[in-house]
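Student: Starting off with a structure, shown below.
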Amino acid sequence: MDRSESLSRAIEAILESYDTHGRINHLEATSLPSRARVKQLLDDLVDLAFPGYFGEANLDALSSRYVVGERCARTLRNLEAACLRAFRADCPERRKTALQTDFDERASEVSLRLLEAIPKIRDLLVTDVQAALLGDPAACNAEEIILSYPGVSAITSHRIAHELFQLGVPMLPRMMSELTHSRTGIDIHPGAQIGASFFIDHGTGVVMGETTVIGERVKVYQGVTLGALSVRGGRDELRGKKRHPTLEDDVTIYAGATILGGETVIGKGSTVGGNVWLTHSVAPNTTVVLATPSLVFKTS
Amino acid sequence: MDRSESLSRAIEAILESYDTHGRINHLEATSLPSRARVKQLLDDLVDLAFPGYFGEANLDALSSRYVVGERCARTLRNLEAACLRAFRADCPERRKTALQTDFDERASEVSLRLLEAIPKIRDLLVTDVQAALLGDPAACNAEEIILSYPGVSAITSHRIAHELFQLGVPMLPRMMSELTHSRTGIDIHPGAQIGASFFIDHGTGVVMGETTVIGERVKVYQGVTLGALSVRGGRDELRGKKRHPTLEDDVTIYAGATILGGETVIGKGSTVGGNVWLTHSVAPNTTVVLATPSLVFKTS
Amino acid sequence: MDRSESLSRAIEAILESYDTHGRINHLEATSLPSRARVKQLLDDLVDLAFPGYFGEANLDALSSRYVVGERCARTLRNLEAACLRAFRADCPERRKTALQTDFDERASEVSLRLLEAIPKIRDLLVTDVQAALLGDPAACNAEEIILSYPGVSAITSHRIAHELFQLGVPMLPRMMSELTHSRTGIDIHPGAQIGASFFIDHGTGVVMGETTVIGERVKVYQGVTLGALSVRGGRDELRGKKRHPTLEDDVTIYAGATILGGETVIGKGSTVGGNVWLTHSVAPNTTVVLATPSLVFKTS
């Protein structure tokens, strides 16, 4: 068989596979949200949150008014388009009234409300950057932190994605959080509720589930899991239930700790040491560490 | 010394270093596989696996035939070119008969065979997406999963890289798996054999070695290592030996668990709890957890 | 309220927020180092370290002289520009005499000195690549390693960032190390001192603090933390103190180990097993492992 024929047969086999497994194709006319565009959208929203940091254009007090106006208008349009695609692609279980005009109106509404939420988000980000400055002895100034700290990048994206999540937008919040996960190694579900002055240091391997609740002035190190207990029960039972822990104000969780369960509460002012495994609550003002692990020393 | 002279001297010193350390240069006319092109190639192959998800073009039932045909032809050419570079650059130890024409023929052959394997790969990916839907209470629909879940991204890339690995292509499989590792934090050697309905949730920090064998309906959480025992013995002794564990069907491995050794088998239906450290086999239908760790509580 | 009015009000609110929280804006005429340009700069410097690996151009013995000359000149200019921005943006605490001309001269000087350091950096990278070849049974040749191993990518970036750090350049070293952290999951502060023949295998989750000191022929696996003990004391007290451990020559640290404290020394030739937690020194030629963890087995 010559190559052209072999290629032709291979293509036919692939097309046949598309017919067989329609579930993992997307061959309808309606487009899905594009990952590249969602990435750009997230970058634009981060730009609005931290003006002057990430673009090439020199912003100054004179020009910022017009630059910001242009950015907001452009971002609003892009956000509407992305939200519209997300509403259309969403699963039937969660769709509200599925009229076309409803989707257009909802996309416009949630997009505007996200823009209106930027000042509130910035109020929180100021506290997060301050927490980073205080929490890391190697940090020197706000600029370095905003430009390069993965923990600050992660909480910034989260606060944006969380707002969209609260506004009932499907798919986009998760796409944004996974883009951030890819970039920082920090995996925070957009449903997680996180209070002011939040700082993740290093961050690689942090996992926070959908129903996590975190208070103010909380500090978390790399490899920390705030997760669910073993997944028992059907998805319908679990959906909507609180499955992930609560950290109260002024809590610090050191590297590698694992805290599981929707009823697990780490009380105000407590500290959880590295590698600790917890499935029960901890009272306020308590330090929990591993008992000195038994180590075996052998000399060669 | 003026600056121009200083720069000139710096350049000379660098060129001298190129002469001294030829081992880490690549200054022969033959090109190495380009990382940027391998990335594009992997993206194109993923596009063939999940049509309509990642490109901008609206695919529909009418146009897909032609779009797919064009993609396959283009991907075939690019894959041939990349394979050819890989064969030429490969280390002498693994080279078969080193005739130039052999490389051209082999590159063509393996490229076609990869395309021919796409339907089989899709058969497996359908089961992987289904496993993700079942395994994550926060998941809603196949679209969200395919667009954003790092675990699904990782198994998709792996099944492609593994096919190339089985076809005896050097370098490219590892380059693809490391691109995926960079993007998802999931590190699966392309040699690992993984059965249907495989789901990694969260994923950051997962490491699976070259000779790992995994059955069907296996679920793995973040930070899990399926690795080798301490590396003793020379590389020649170790190359080719089974060094990494086997997980039988219906096994679940929770976050942070470490399972080591080529003779370690986790029996069918078993569950390994978080942070468990295992270097011996586990019988089927067994749950292994850490004894309740001793924690020390101190109230401030 | 019509949409145009709503948008206008949203923009006003954002501008008001810029006035309120000036701390997280950057609206002065002076530009910050651009993340995109720093990324390109780092890529160019890696290209100089490993000529012929990452670019599209075929380098050969005849053309390399001119290509390298052009690259060095271009990189020098870009590095000067980035250093200048970094000096200007740096925090007052660390600024030396803040004359404009001082910044221009310093930026030129440190840029040239970095280029002059490339041969010395390459001397070390040769040993690092060799260490990777020896340390990973799955590795075959230098090309594969340089093209795809995250550990080699990380040490390459680190040796460049460390040189800039030693030269007193603010911000850029940290930006470079966080770009590398994002790409590899390996988080090494640019201040860390690392000897020859250094190999990180897999790497996701590795964290090494600013005052870490590492000897020669050291091998580290994924998830290892070389960190500080709990952060007590004010930032002024801590800045400059040794807070992170020392690993002497020929030490191996297995996956998930945590070693903390500025006075903690792992003695020459010692091995620290996986998941070990250490806050005290270990004598030379000692193997430290966890006592066989108590596991609980339950059959379903």
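Condition check ((1) more than 22 Å from the chain's Cα centre (by Cα); (2) surrounded by fewer than 19 Cβ atoms within 10 Å (Cβ to Cβ); (3) modelled with pLDDT of 90 or more) across all residues:
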position	(1), (2), (3)
C:4	yes, yes, no
C:10	yes, no, yes
C:27	yes, yes, no
C:56	yes, yes, no
C:62	yes, yes, no
C:69	yes, yes, yes
C:79	no, no, yes
C:97	yes, yes, no
C:101	yes, yes, no
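Student: Return the residues of the stretch B:235-259 that are not in a loop (DSSP other than H, G, I, E, B) and not basic (Lys, Arg); say none if nothing qualifies. Spell out the reasoning first.
Tutor: Looking only at the stretch B:235-259, we keep the residues that are not in a loop (DSSP other than H, G, I, E, B), and these are B:235-238, B:246-247, B:252-253, B:258-259.
B:236, B:237, B:238, B:246, B:247, B:252, B:253, B:258, B:259, listed by residue number.
Student: Additional query: Among the residues in the stretch C:206-217, are any within 13 Å of chain B (Cβ to nearest Cβ), under 30 Å from residue B:20 (Cα atoms) and basic (Lys, Arg)? Even if it seems obvious, please write down each step before you answer.
Tutor: Going through the stretch C:206-217, the residues within 13 Å of chain B (Cβ to nearest Cβ) turn out to be C:206-207.
With the extra rule that they be under 30 Å from residue B:20 (Cα atoms), the set shrinks to none.
No, that holds for no residue.
Student: In addition: Which residue pairs have Cβ atoms closer than 6 Å, lie 6 or more positions apart in sequence or on different chains, and pair a first residue in the stretch A:142-159 that is of a type in the set (D, E, K, R) with a second residue that is open to solvent by less than 10 Å² (accessible area, probe 1.4 Å) and in a helix (DSSP H, G or I)?
Tutor: From residues that are of a type in the set (D, E, K, R), the pairs are A:159/A:121.
Student: Right, next: Pick out the one residue from C:269, C:262, C:203 that is open to solvent by less than 30 Å² (accessible area, probe 1.4 Å), within 14 Å of chain B (Cβ to nearest Cβ) and part of a loop (DSSP other than H, G, I, E, B). Give the steps one after another, and end with the answer.
Tutor: Details: C:269 fails: within 14 Å of chain B (Cβ to nearest Cβ); C:262 fails: within 14 Å of chain B (Cβ to nearest Cβ).
Result: C:203 is the single residue among C:269, C:262, C:203 that is open to solvent by less than 30 Å² (accessible area, probe 1.4 Å), within 14 Å of chain B (Cβ to nearest Cβ) and part of a loop (DSSP other than H, G, I, E, B).
Student: Something else: Find the residue count for the stretch B:16-29, including only residues that are under 18 Å from residue B:171 (Cβ atoms) and outside any loop (DSSP other than H, G, I, E, B).
Tutor: 2
Student: Return the residues of the stretch B:237-259 that are within 9 Å of chain C (Cβ to nearest Cβ) and more than 19 Å from residue B:193 (Cβ to Cβ); say none if nothing qualifies.
Tutor: Selection gives B:237, B:256, B:258.
Student: Residues in the stretch A:156-166: is at least one out of contact with any Pro (no Cβ under 6 Å at 6 or more places or on another chain), closer than 30 Å to residue A:84 by Cβ, crowded, with 23+ Cβ neighbours inside 10 Å and among the β-branched types (Val, Ile, Thr)?
Tutor: yes
Student: Only one of (1) open to solvent by 70 Å² or more (accessible area, probe 1.4 Å); (2) at the interface with another protein chain (Cβ under 9 Å from one of its Cβ atoms); (3) touching a residue at least 12 places away in the same chain (Cβ under 8 Å) fails for residue B:51. Which number is that?
Tutor: Exception for residue B:51: condition (1).
Conditions (1) open to solvent by 50 Å² or more (accessible area, probe 1.4 Å); (2) among the basic types (Lys, Arg); (3) at negative phi, marked per residue:
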residue	(1), (2), (3)
C:180	no, no, yes
C:212	no, no, yes
C:221	no, no, yes
C:229	yes, no, yes
C:256	no, no, no
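Per-residue answers, yes or no, for (1) touching a helix residue (DSSP H, G or I) at 6+ places or on another chain (Cβ under 7 Å); (2) part of a helix (DSSP H, G or I):
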{"site": "C:5", "(1), (2)": "no, yes"}
{"site": "C:11", "(1), (2)": "yes, yes"}
{"site": "C:14", "(1), (2)": "yes, yes"}
{"site": "C:31", "(1), (2)": "yes, no"}
{"site": "C:37", "(1), (2)": "yes, yes"}
{"site": "C:51", "(1), (2)": "yes, no"}
{"site": "C:70", "(1), (2)": "no, yes"}
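Student: Of all residues in the stretch A:189-200, which are open to solvent by less than 10 Å² (accessible area, probe 1.4 Å) and closer than 15 Å to residue A:166 by Cα?
Tutor: Looking only at the stretch A:189-200, we keep the residues that are open to solvent by less than 10 Å² (accessible area, probe 1.4 Å), and these are A:190-192, A:198-200.
Those that are open to solvent by less than 10 Å² (accessible area, probe 1.4 Å) and closer than 15 Å to residue A:166 by Cα: A:190, A:191, A:192.
Student: Based on this model, can you work out whether residue B:243 counts as of a type in the set (Lys, Arg), open to solvent by 10 Å² or more (accessible area, probe 1.4 Å) and more than 11 Å from the chain's Cα centre (by Cα)?
Tutor: On the way: of a type in the set (Lys, Arg): yes; open to solvent by 10 Å² or more (accessible area, probe 1.4 Å): yes; more than 11 Å from the chain's Cα centre (by Cα): yes.
The answer is yes for residue B:243.
Student: Just one of (1) of a type in the set (A, V, I, L, M, F, W, C); (2) free of Cβ contacts under 8 Å to residues at least 60 places away in the same chain; (3) touching a helix residue (DSSP H, G or I) at 6+ places or on another chain (Cβ under 7 Å) trips up residue B:45, so point out which.
Tutor: (2)
The values are calculated or read from the model by the stated rules, or taken from the named source; none is laboratory data. Every value quoted in this text rests on a predicted model; they were computed, and no experiment measured them. Reconstructed Cβ throughout: ideal geometry from the backbone, glycine too, with neighbour counts over all protein chains shown. Areas reflect the complete protein model, heavy atoms only, side chains present, ligands, DNA and RNA absent. Shrake-Rupley method; radii C 1.70, N 1.55, O 1.52, S 1.80 Å.
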